[in-house]
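Engineer: Once you've had a glance at the structure underneath, I'll fire off some questions.
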Amino acid sequence: MRSRTVLATLTAVASLLSVAACGSSSSTSSAGNPYQLTEAGTIHVGTLSDAPPNVYLKDGKFTGFDNDLFTAVAAKVGLKVQFASTDFSALLSQVANHKFDVGSSSITITEARKKTVDFSNGYDFGYFGLDVPAGSPLADFDQLAGKRVVVVQGTVQDDYATKNNLNPVRVPDYNSAINQLKAGMAEAWISPAEIGEKSAADSGGKVVLAQKRLSPAPTAFAVAHDRPKLLEALNKGLDEVIADGTWTRLQEQYYPGRPVPADFKPGNGSVTFPPVTGAGASPTSTP
């Protein structure tokens, strides 16, 4: 009987030690991965491969203003970055479902999108562009009613076209949009203007950027709702790369000559940064 009692006691002690060990392992894991990343020490980022100068693939490397800025932000937090390409229409849900830790793709902050993900502080402003085939009589957004207009699905340009009853043709990526114009399958493309301007310049004269207007909301990185520590760390890193001049340098590198609107304040809004060299006046805001 006594041997049974001793055996039972030893079994109970072993069980308690096992539970304690699990708890210790969990605690260690949490300490080693405080931002709840898919892979400790590395941020997996969903982005696009075909939207220069914002986000694109060059010589096998993901680059562009947004991705270079994010890499600098992650370095301030002491984290490596692993980029992967996806369609914009799927990006926010993939961040929310933890396929990616972060979304980087000139994502405009909207109230509707806040239901799916959280956003970092804003790091850039943007313009809506009107791309048309060379020789087109279209020169203004107000002329688009009844025209065959193409947009990338899920973008704020898609929202704009839908809100204004333009019945847009939706495509999955920017290459498809510009190809619609080149092939004469669309009369206009409502683009993120920086992307539309670069696409027009690379079209061999087939496409022109007819007009651009300032978008009413900033762009930001997307993070899942249940990753508050990651969001806090990214905002801190963002303020640091703004303060040290990295943000200014990348602005001038990727958007040479583009003026910064007087009322745009990147990051937390109070960070002092070296002025961006720009020229010209800011276009009017979109309706």
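The values are calculated or read from the model by the stated rules, or taken from the named source; none is laboratory data. Computed from a prediction, not measured in an experiment: that's the story for all the values here. Don't worry about glycine lacking a Cβ; one is built from the backbone with ideal geometry, like all the others, and counts go over all protein chains shown. These accessible areas exclude ligands, DNA and RNA; they are computed on the full protein's heavy atoms, side chains included. Shrake-Rupley method; radii C 1.70, N 1.55, O 1.52, S 1.80 Å.
Engineer: Just need a number here: residues in segment 68-92 that are among the hydroxyl-bearing types (Ser, Thr, Tyr) and assigned to a loop (DSSP other than H, G, I, E, B).
Structural biologist: Residues in segment 68-92 being among the hydroxyl-bearing types (Ser, Thr, Tyr) and assigned to a loop (DSSP other than H, G, I, E, B): 1 in total.
Engineer: Might you check whether a residue that is under 28 Å from Glu252 (Cα atoms), open to solvent by 30 Å² or more (accessible area, probe 1.4 Å), part of a strand (DSSP E or B) and in contact (Cβ under 8 Å) with a residue 24 or more places away in the chain occurs anywhere in segment 48-67?
Structural biologist: Yes, some residue in segment 48-67 is under 28 Å from Glu252 (Cα atoms), open to solvent by 30 Å² or more (accessible area, probe 1.4 Å), part of a strand (DSSP E or B) and in contact (Cβ under 8 Å) with a residue 24 or more places away in the chain.
Engineer: Related question: Name the strands (runs of 3 or more DSSP E) wholly inside segment 161-260 in which the number of residues that are under 17 Å from the mean Cα position of the chain (by Cα) and buried (at least 18 other Cβ atoms within 10 Å of the Cβ) is 1 or more.
Structural biologist: 188-192, 219-223
Engineer: So, of the residues in segment 103-119 that are more than 16 Å from Asp87 (Cα to Cα) and in contact with a Gly (Cβ under 8 Å, 6 or more places away or on another chain), which turns out to be surrounded by the fewest Cβ atoms within 10 Å (Cβ to Cβ)?
Structural biologist: Among those residues, the one meeting the criterion is Ile109.
Engineer: Residues in segment 68-82 that are out of contact with any Lys or Arg (no Cβ under 8 Å at 6 or more places or on another chain) and open to solvent by less than 30 Å² (accessible area, probe 1.4 Å): how many?
Structural biologist: 5
Engineer: Does Gly267 meet the test of being among the small types (Gly, Ala, Ser), more than 20 Å from the chain's Cα centre (by Cα) and in a loop (DSSP other than H, G, I, E, B)?
Structural biologist: Here the answer is no, as Gly267 does not meet what is asked.
Engineer: Only residues that are part of a loop (DSSP other than H, G, I, E, B) and touching a helix residue (DSSP H, G or I) at 6+ places or on another chain (Cβ under 9 Å): list them for segment 137-149, please.
Structural biologist: Within segment 137-149, Pro137, Leu144, Arg148 qualify.
Engineer: Tell me which of these Val95 doesn't satisfy, since it passes every other one: (1) in a strand (DSSP E or B); (2) crowded, with 23+ Cβ neighbours inside 10 Å; (3) not small (Gly, Ala, Ser).
Structural biologist: (1) is the only condition that Val95 fails.
Engineer: Please work out if Val149 is open to solvent by less than 10 Å² (accessible area, probe 1.4 Å) and either of a type outside the set (Phe, Trp, Tyr) or in contact with an Asp or Glu (Cβ under 8 Å, 6 or more places away or on another chain) (or both).
Structural biologist: yes
Engineer: While we're looking at this one, here's another question. Please go through segment 120-140 and pick out each residue that is open to solvent by less than 30 Å² (accessible area, probe 1.4 Å) and among the small types (Gly, Ala, Ser).
Structural biologist: Scanning segment 120-140 gives Ser120, Gly122, Gly126, Gly129.
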